[in-house]
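The values are calculated or read from the model by the stated rules, or taken from the named source; none is laboratory data. Note that the structure is predicted; figures quoted are calculated from it, not measured. Every residue, glycine among them, receives a Cβ derived from its backbone with ideal geometry; neighbour counts consider all protein chains shown.
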């Protein structure tokens, strides 16, 4: 029960800090009375934005992003493994080969399915 009280106190302190910093920044910010509306206008490659900003992204965008995260996690596990391979021995080497094989099979499945193509038919 005591650990939950500590957690509640910590949560309240975090919430107070977050709200407090937002309110404090709103109070002490500098507001320029001579602001030029052209200077603060939306700037996007020199052209005015056309259409709604809430467009639908194709599903392939999310699939490619997920595959990127998958291989990014692989790289995060691969670097420490390489540095300590001499201490770990043959079993760690075999386990990493199994891990890389499973990742390669996942990549090959996504490639054959056509999920890595940016534009689909």
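Overview of results
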| quantity | calculated |
| --- | --- |
| Members of region 1-42 that are modelled with pLDDT under 80 and assigned to a helix (DSSP H, G or I) | 2, 3 |
| Residue match in region 46-64 (condition: part of a loop (DSSP other than H, G, I, E, B) and surrounded by 10 or more Cβ atoms within 10 Å (Cβ to Cβ)) | yes |
